[in-house]
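A.B. asks: Before I ask anything, let me first share the structure, which is written out below as structure tokens.
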Amino acid sequence: ELQLSYKALIACALLAPFSGVLGNLFFLYLQRGLKLSSKKMIIVILALFSLIPFYVASGIFFESFGLHHEWESYVLAASYGFLMGALQSS
């Protein structure tokens, strides 16, 4: 349970799509710069995507690492959107 207010949840819901636009542009630039195929780019994005649930779940076991604070929810929403925008465009 996140125990976030409705305002914080709405902010996270708005932050994700806006950061998705940035992620789309960033990974397109990265793909063209490194001359990677779409398949390799999807593998890279999915590898980065796998870090998100690991970070959140690690908060269950560790006090100093993992999702514990409200500001981390904003960072998580932004990183989720950043990667989801790139994944959808790839």
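The values are calculated or read from the model by the stated rules, or taken from the named source; none is laboratory data. Owing to the predicted nature of the structure, the values given are computational and were not obtained by experimental measurement. Here the Cβ is made from the backbone with ideal geometry for all residues, glycine too, and neighbour counts use every protein chain on show. All accessible areas refer to the heavy atoms of the entire protein, side chains included, with ligands and DNA or RNA removed. Shrake-Rupley method; radii C 1.70, N 1.55, O 1.52, S 1.80 Å.
A.B. asks: Tell me, which helices (runs of 4 or more DSSP H) wholly within region 1-64 include 2 or more residues that are more than 11 Å from the chain's Cα centre (by Cα), modelled with pLDDT of 90 or more and exposed (fewer than 13 other Cβ atoms within 10 Å of the Cβ)?
C.D. replies: Those helices (runs of 4 or more DSSP H) span 6-34, 38-49.
A.B. asks: Does Tyr80 satisfy being in a helix (DSSP H, G or I), in contact with a helix residue (DSSP H, G or I) (Cβ under 8 Å, 6 or more places away or on another chain), among the aromatic types (Phe, Trp, Tyr) and open to solvent by less than 80 Å² (accessible area, probe 1.4 Å)?
C.D. replies: So Tyr80 fails the test.
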